[in-house]
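The values are calculated or read from the model by the stated rules, or taken from the named source; none is laboratory data. Keep in mind it's a predicted model, so treat the numbers as computed, not measured. We place every Cβ from the backbone using ideal geometry, glycine too, and count neighbours over all the protein chains shown.
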Amino acid sequence: MKEKLRGHESYRMNCVNLIASENCSSTYVRQVQCSDLMHRYSYWLGNNPRTRYYRGNRYIQEIELKSIELAEKLFGADFVEIRAISGMTANLGVLLGLTSPDDVVMECGRDLGGHRTASKLTTAKVVRLRVINYPVDSSRYNIDLEKTKQIAYEHKPKLLTLGASIFLFPHPVREIKDIAEDIGAYVSYDASHVLGLIAGKQFQQPLNEGADIMLGSTHKTFAGPQGGIILSRNPEAFKRIKLCPNVVDSHHPHRIPGLLLALAEYREFGESYAMQIIRNAKALGAALYDSGFDVLFKDLGFTESHTILVDVSRFGTGRAVAKDLEKIHIILNAMEVPKDVIERRKEPTGLRIGVQEMTRFGMKEREMREIAEFMRDALIEKKNPDRLAKEVIEFRKRFHTLHYCFR
């Protein structure tokens, strides 16, 4: 087992990882997750972390209370729930808390890169909801507000959810909140992909703009341990979300010290980190476009987040292209582009590319241009993949130290 783990870590340190949903936590964050807390329960009753079901929680409670305090300060929240063990469980807790069976929920569909949480959970019969997708303004890769207003007034959804898995541009939170107030609905915002950018004050601030609930995972642009979080300023909405025991019993308390340190790191380094992430994403989008790739939304500056979306249909399917790039130690994943949905293609023909992990290893705009050159050499110039793999490994050796964190 140790040999396999060493092999994995050595291999990944020799790769350029561009998966938009991953990151690397700092050495300190990793270290504090391996403790006696992995053997313990720290279940508390309701939403009050000071009311404990188990005894022996003196120090665990102090760590959890400090984590909640830092999250409140970092995100400007009045209420924080740290017991979600993933973004999906956070989403499920919000859906169960803010809706009743047969309620209508609006969310982003495939044509807007949506995670489609409500749709998936309804299909799996975990919840019983009627799900409607937002209409899309394809020119802006965003929600069509006028059509949304018409649909919302007709169908009266109880929950309007925002956020996506391909989250290139801020969503119109204020405008959706206005609609929600007219029909008596809540607004939730899934910040899983952009939580670190929000923490760094370089993306929209959903709670400031009116979202009743902001939720997300804590391991994408926010480089903490794998887990989830729910934040709010609305006491009535937050009170309805009974994550424990409805969704989570043991919340895996060994990860909370890592979350605490990650929150502290983002208070110290989050702004500069988030700023460089967005610079790098824009630089990589421009460099790939100049190299001959069909990077989407050039007129919009490619992106305002950590992610860019590339149509690679002239090279094959997204999965085939991702496999070809993996041969030269560039790791990313296939993803649908809008025309895949419109034309009902069976295979995605796009690549979703995220720069947050390589930014944390110290790469900047110059390195984004080098990555674009590697991809051009592999896919357009058809150069020898074995030789390119060696070049990528040598390139990656310059970036083995994590930045924007305590050392």
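When the range 204-226 is examined, which residues are found to be surrounded by fewer than 24 Cβ atoms within 10 Å (Cβ to Cβ) and either within 12 Å of the chain's Cα centre (by Cα) or free of Cβ contacts under 8 Å to residues at least 12 places away in the same chain (or both)?
Answer for the range 204-226, where residues must be surrounded by fewer than 24 Cβ atoms within 10 Å (Cβ to Cβ) and either within 12 Å of the chain's Cα centre (by Cα) or free of Cβ contacts under 8 Å to residues at least 12 places away in the same chain (or both): just Gln226.
Which numbered condition in (1) of a type in the set (Lys, Arg); (2) surrounded by fewer than 23 Cβ atoms within 10 Å (Cβ to Cβ); (3) touching a residue at least 60 places away in the same chain (Cβ under 8 Å) is the only one that Lys282 fails?
Unmet condition: (3).
Just a yes or no: is a residue in the range 288-301 at pLDDT 95 or above and touching a Pro at 6+ places or on another chain (Cβ under 9 Å)?
yes
Could you grab me the full set of residues in the range 167-203 that are in contact (Cβ under 8 Å) with a residue 60 or more places away in the chain, in contact with a Ser or Thr (Cβ under 8 Å, 6 or more places away or on another chain) and of a type outside the set (A, V, I, L, M, F, W, C)?
Residues satisfying the conditions are Ser188, Asp190, Ser192, His193, Gly196, Gly200.
Among (1) within 18 Å of the chain's Cα centre (by Cα); (2) assigned by TED's automatic domain parsing to the domain that holds Ile230; (3) not small (Gly, Ala, Ser), which single condition is Leu96 missing?
(1) is the only condition that Leu96 fails.
Hey, does the range 289-305 have a residue that's more than 24 Å from the chain's Cα centre (by Cα) and of a type in the set (Ser, Thr, Tyr)?
yes
Quick grid of which residues meet (1) of a type outside the set (A, V, I, L, M); (2) closer than 30 Å to Thr27 by Cα; (3) in contact with a Phe, Trp or Tyr (Cβ under 8 Å, 6 or more places away or on another chain):
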site	(1), (2), (3)
Val173	no, no, yes
His193	yes, yes, yes
Leu197	no, yes, yes
Asn208	yes, no, no
His219	yes, yes, no
Ala237	no, no, yes
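Given the criterion crowded, with 19+ Cβ neighbours inside 10 Å and touching a Lys or Arg at 6+ places or on another chain (Cβ under 6 Å), identify the matching residue among Gly97, Gly93.
Exactly one residue qualifies, and that residue is Gly97.
Go through (1) crowded, with 16+ Cβ neighbours inside 10 Å; (2) free of Cβ contacts under 8 Å to residues at least 60 places away in the same chain; (3) more than 27 Å from His193 (Cβ to Cβ); (4) not small (Gly, Ala, Ser) for Tyr59 and report which single condition fails.
(1)
A quick yes/no check of all residues on (1) of a type in the set (A, V, I, L, M); (2) crowded, with 22+ Cβ neighbours inside 10 Å:
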residue	(1), (2)
Pro101	no, no
Val104	yes, no
Gly114	no, yes
Ala124	yes, no
Pro135	no, no
Tyr141	no, no
Asp144	no, no
Tyr153	no, no
Pro157	no, yes
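Can you give me the number of residues within the range 334-352 that are crowded, with 22+ Cβ neighbours inside 10 Å, in contact (Cβ under 8 Å) with a residue 60 or more places away in the chain and part of a loop (DSSP other than H, G, I, E, B)?
Final tally of qualifying residues: 0.
Val173 versus (1) crowded, with 21+ Cβ neighbours inside 10 Å; (2) closer than 19 Å to Leu95 by Cβ; (3) touching a helix residue (DSSP H, G or I) at 6+ places or on another chain (Cβ under 9 Å): which is the lone unmet condition?
Of the numbered conditions (1) crowded, with 21+ Cβ neighbours inside 10 Å; (2) closer than 19 Å to Leu95 by Cβ; (3) touching a helix residue (DSSP H, G or I) at 6+ places or on another chain (Cβ under 9 Å), the odd one out for Val173 is (3).
Of the conditions (1) buried (at least 19 other Cβ atoms within 10 Å of the Cβ); (2) out of contact with any Leu (no Cβ under 7 Å at 6 or more places or on another chain); (3) of a type outside the set (Lys, Arg), Tyr289 fails just one. Which one is it?
Status for Tyr289: all satisfied but (1).
How many of the residues making up the range 62-90 are of a type in the set (Lys, Arg) and crowded, with 20+ Cβ neighbours inside 10 Å?
So the count comes out to 1.
State whether the residues of the range 125-146 include one that is assigned by TED's automatic domain parsing to the domain that holds Leu215, within 17 Å of the chain's Cα centre (by Cα) and assigned to a helix (DSSP H, G or I).
No, the range 125-146 contains no residue that is assigned by TED's automatic domain parsing to the domain that holds Leu215, within 17 Å of the chain's Cα centre (by Cα) and assigned to a helix (DSSP H, G or I).
Within the range 333-354, how many residues are under 21 Å from Ala372 (Cβ atoms) and out of contact with any strand residue (DSSP E or B) (no Cβ under 8 Å at 6 or more places or on another chain)?
0
Just checking, how many residues over the range 1-43 are over 27 Å from the mean Cα position of the chain (by Cα), under 30 Å from Pro245 (Cβ atoms) and not in a loop (DSSP other than H, G, I, E, B)?
2
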